[in-house]
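Worksheet: the structure to be examined is printed underneath.
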Amino acid sequence: EHSVLAVGGELRQIKLIDCHSARVEATLQGHGAAIHEVRFLPHRRGLLASASRDEAVRLWHTASRLCVAVFAGERGHLDAVLSVDVSPDGTALASSGVDGTVKLWSVDQPAVSAAVARADALAERRAEAQAQAAEEAQE
């Protein structure tokens, strides 16, 4: 089993760290300000939610390194997002912010599912290309 730790902070990026080697596997960038919290979705391996001072919650596909959804804007927080958590069934995110509100976000909507499917396909193509390149290097 591949164990990964995700950490965010003032540098506006998320580092994915391999727990066995302690090496940074990837850096996810997209937030416009410090990242206050990150949380893996337990029912969907490889999806990660992040809460930021930039007033947004983002959903990341860690295998493809892509942001697949941004929860913000008109229905979003009016100030920094301090925390994010995942519903027990994995279909929603809850976020709380400096503005004193708690927001619920559906990750089970068609647009998010389609973005995740596209990211899954991209990650699979990348893995196949890497495997092929490694095989050719051994020949």
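The values are calculated or read from the model by the stated rules, or taken from the named source; none is laboratory data. Computed from a predicted model, the values in this text were never measured in an experiment. All Cβ positions, even for glycine, are placed from backbone atoms using ideal geometry, and neighbour counts span all protein chains on display. Heavy atoms of the whole protein, side chains included, go into the accessibility calculation; ligands, DNA and RNA do not. Shrake-Rupley method; radii C 1.70, N 1.55, O 1.52, S 1.80 Å.
Below are the figures for this structure:
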read-out: Filtered residues of region 91-101 (kept if surrounded by 12 or more Cβ atoms within 10 Å (Cβ to Cβ), over 16 Å from Leu48 (Cα atoms) and not acidic (Asp, Glu)); value: Ser96, Gly97, Val98, Thr101
read-out: Matching option when the condition is at negative phi, open to solvent by 20 Å² or more (accessible area, probe 1.4 Å) and at pLDDT 95 or above, among Arg53, Arg44, Arg12; value: Arg53
read-out: Criterion: among the small types (Gly, Ala, Ser) and touching a Ser or Thr at 6+ places or on another chain (Cβ under 6 Å) - qualifying residue of Ser21, Ser64, Ser96; value: Ser96
read-out: Glu37 vs. criteria surrounded by 15 or more Cβ atoms within 10 Å (Cβ to Cβ), assigned to a loop (DSSP other than H, G, I, E, B), modelled with pLDDT of 95 or more and not polar (S, T, N, Q); value: no
